[in-house]
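Taking it in order: structure first as structure tokens, then the write-up.
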Amino acid sequence: MIRDITIGQYYDTDSVIHRLDPRVKLAFTLIYIVSLFVGHGPWCYAFAFAFLVFVIVLSRVPVKFMVKGLRAMLVILIISALFNLFLVQGEVIFSWWIFRITREGVRMAVMMVVRLVFLVIGSSIMTLTTTPNDLTDGLERSLRFLRVIKVPVHEIAMMMSIALRFIPILIEEVNKIMKAQIARGADFDTGGIIKKAKAMIPLLIPLFVSAFRRASDLALAMEARCYHGGDGRTKLHPLKYGRTDIIAYIILLLYLGGMITMAVLLP
Amino acid sequence: MELTLKNVSYSYNPDAPEPVYAVRDVSLTIRSGDFAALIGHTGSGKSTLIQFMNGLLKPTEGQVLFNGEDIFEKKYPLKTLRQKVGLVFQYPEHQLFEETVLKDICFGPKNMGLSKEEQEERARHAMKLVGLAESYEDKSPFELSGGEKRRVAIAGVLAMKPECLILDEPTAGLDPAGRDDILGTVRALSDEEGIAVVLVSHSMEDVAVYAERLFVMKKGELLYDDTPKAVFRHYKELEQIGLSAPQVTYIAHALREKGFDVSEDAMTVAELKQEILRVLGK
């Protein structure tokens, strides 16, 4: 049965990183990704690695959880490594039948894998240390400038947080409907793909019906409490930068500066 | 038909040093012709308990026996069991999915592998049992009223011809007329078809009128297993676990305190009326 699905992989603990303003963590993710593409060569990646370790230690999230995100990426990692390994042209160092491995290929493959691994871990730090709600809050605030060009930032953020909020509810609903249909003799586990897909109909239709019902109930409840979109809406906990947030920004800028310097000065 | 729970327990963390139990060491037996009600405070383990009865949930300890056979034995045909022990969940109308009422009720029989004619025959019979007129056959289940939808859902389970019917709060969210309708139907099923019924309920009034036997759950344990009259004599203990006796019982007790010799076992309005008339007519 569908259980134990964790979406939004927040790891609940108390750390400096957890307490940071979500906007800082968004900036961290962005800057870290940029830095990975600015840097090249072993020294830059060693620097990126050191910075990553520094943040992970501060976040007090077990490394086990960091690496978990990589498992889903494994196929992509292998494919990109193989492509680079075999398809990059250059000085051949090994060849057999139609396969040829070049020095540049090896270099590119290693770099690509390192980059992707850092990228995944770096961005999972944000989701591991920020609750989904804080995250949408931070996004809403950071993207507010887009309102100038008529992007409904608040509405999008609201939709995101509602969607996140409803995931556990819908999972529970799926469980309930599944049990009810199993009690009526439905069989979700055996048979080929087509039979399994057909077996989903008695599950999906009630699920959609209930999702629409919940959506309409929620809309009504929100309107009953005078919700009318983002204009003039205030927050219970407005995002405010504290001292640690400023320090974090300074560290981030120093890191980016360091990375650029290294990329320019080192070969 | 005999369905026995034997020392069943269920815990969410059975391997922990101090497991948290949703159900703890419950033993009970349901036989053909029984009309039992399962009552208990929210979170007392009622819903967990009924899921053992048709093998949807496996107890972490203990056995579930259907006609003497352990249903969690490797080769036991759980699908057949689920057809014999029909389980109607809370708000069963949320599980409707077909285009027409008839097709939806046919879902159970279809899963049993019956022929189309037999499916429809059973579905029509089930509709008759729950009091749905033939004109409903081709309607969409989504355009019906709440009470009608619930009848369709119950018919969907009845169409499998269960020997035991378990209903989890079948009257939740219905108006009084709808509630009496559903409970009356269930009562008739038990009387006419000999189906054993287990009714999960919050309403002591309903239970007093319809059930012949009460199971009272307290924090996962079975506190009482007795006739309603005997259980409601413990009304003070029931209050301690967030339940109560029917209001009529309280009136009977109050009358006794004032010196009227009415029976304290009166549970329904009709019974108390008789008692009062008897006392006054003296």
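The values are calculated or read from the model by the stated rules, or taken from the named source; none is laboratory data. What you are looking at is a predicted structure, and each value in this text was computed from that prediction instead of being measured. With ideal geometry, Cβ positions are generated from the backbone for all residues, glycine too; neighbour counts draw on all protein chains shown.
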Near pairs, Cβ below 8 angstrom, 6+ apart or cross-chain, from region A:46-64 (assigned by TED's automatic domain parsing to the domain that holds A:THR244) to any residue that is of a type in the set (Asp, Glu): A:ARG60/A:ASP14
Residue list for region A:207-231, filter: part of a helix (DSSP H, G or I) and exposed (fewer than 13 other Cβ atoms within 10 Å of the Cβ): A:PHE208, A:PHE212, A:ARG213, A:ALA215, A:SER216, A:ASP217, A:ALA219, A:LEU220, A:ALA221, A:GLU223, A:ALA224
Selected residue [touching a residue at least 12 places away in the same chain (Cβ under 8 Å), outside any strand (DSSP E or B) and among the polar types (S, T, N, Q)] from B:SER9, B:SER44: B:SER44
All positions within region A:76-112 that are in a loop (DSSP other than H, G, I, E, B) and surrounded by 15 or more Cβ atoms within 10 Å (Cβ to Cβ): A:VAL88
Residue satisfying condition, being free of Cβ contacts under 8 Å to residues at least 12 places away in the same chain and either out of contact with any Ser or Thr (no Cβ under 9 Å at 6 or more places or on another chain) or in the same structural domain as B:VAL23 (by TED's automatic domain parsing) (or both), within set B:GLY68, B:GLY108, B:GLY113, B:GLY62: B:GLY113
Helices (runs of 4 or more DSSP H) within region A:113-206 that include 3 or more residues under 30 Å from A:VAL63 (Cβ atoms) and not assigned by TED's automatic domain parsing to the domain that holds A:GLY69: A:132-142, A:153-183
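Condition check ((1) surrounded by fewer than 22 Cβ atoms within 10 Å (Cβ to Cβ); (2) of a type in the set (Lys, Arg); (3) closer than 24 Å to B:LEU174 by Cβ) across all residues:
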position: B:GLU192; (1), (2), (3): yes, no, yes
position: B:HIS202; (1), (2), (3): yes, no, yes
position: B:GLU205; (1), (2), (3): yes, no, yes
position: B:VAL209; (1), (2), (3): yes, no, yes
position: B:ARG213; (1), (2), (3): yes, yes, yes
position: B:MET217; (1), (2), (3): no, no, yes
position: B:LEU223; (1), (2), (3): yes, no, no
position: B:ASP226; (1), (2), (3): yes, no, no
position: B:ARG233; (1), (2), (3): yes, yes, no
When residues of region B:137-171 are limited to those that are more than 14 Å from chain A (Cβ to nearest Cβ) and touching a residue at least 12 places away in the same chain (Cβ under 8 Å), the one surrounded by the most Cβ atoms within 10 Å (Cβ to Cβ): B:ARG151
Contacts under 7 angstrom Cβ, first residue in region A:175-187 being at the interface with chain B (Cβ under 7 Å from one of its Cβ atoms), partner part of a loop (DSSP other than H, G, I, E, B) and among the polar types (S, T, N, Q), 6 or more apart: A:ALA183/B:ASN54
Count - residues of region A:106-141 that are under 17 Å from the mean Cα position of the chain (by Cα) and over 30 Å from A:VAL88 (Cβ atoms): 16
Every residue from region A:207-250 that is modelled with pLDDT of 90 or more, in contact with a His (Cβ under 8 Å, 6 or more places away or on another chain) and either under 25 Å from A:VAL148 (Cβ atoms) or not β-branched (Val, Ile, Thr) (or both): A:SER210
All helices (runs of 4 or more DSSP H) inside region B:151-250 with 2 or more residues being of a type outside the set (Lys, Arg) and more than 16 Å from the chain's Cα centre (by Cα): B:176-188, B:228-232, B:235-240
Enumeration of residues in region B:60-111 that are of a type in the set (A, V, I, L, M) and either within 10 Å of chain A (Cβ to nearest Cβ) or closer than 16 Å to A:ALA183 by Cα (or both): B:ILE71, B:LEU78, B:LEU81, B:VAL85, B:LEU87, B:VAL88, B:LEU96, B:ILE105
Output for region B:224-248, where each listed residue is without any contact (Cβ under 8 Å) to a residue 60 or more places away in the chain and among the acidic types (Asp, Glu): B:ASP226, B:GLU237, B:GLU239
Odd one out for A:TYR227, checked against (1) more than 9 Å from chain B (Cβ to nearest Cβ); (2) touching a helix residue (DSSP H, G or I) at 6+ places or on another chain (Cβ under 8 Å); (3) without any contact (Cβ under 8 Å) to a residue 24 or more places away in the chain: (2)
Residue count for region B:112-136, restricted to those that are at the interface with chain A (Cβ under 9 Å from one of its Cβ atoms) and surrounded by 21 or more Cβ atoms within 10 Å (Cβ to Cβ): 0
Selection count, region B:34-46, where residues are over 17 Å from B:LYS6 (Cα atoms) and under 13 Å from the mean Cα position of the chain (by Cα): 6
The lone exception for A:VAL24 - which of (1) in contact with a strand residue (DSSP E or B) (Cβ under 7 Å, 6 or more places away or on another chain); (2) surrounded by 14 or more Cβ atoms within 10 Å (Cβ to Cβ) it fails: (1)
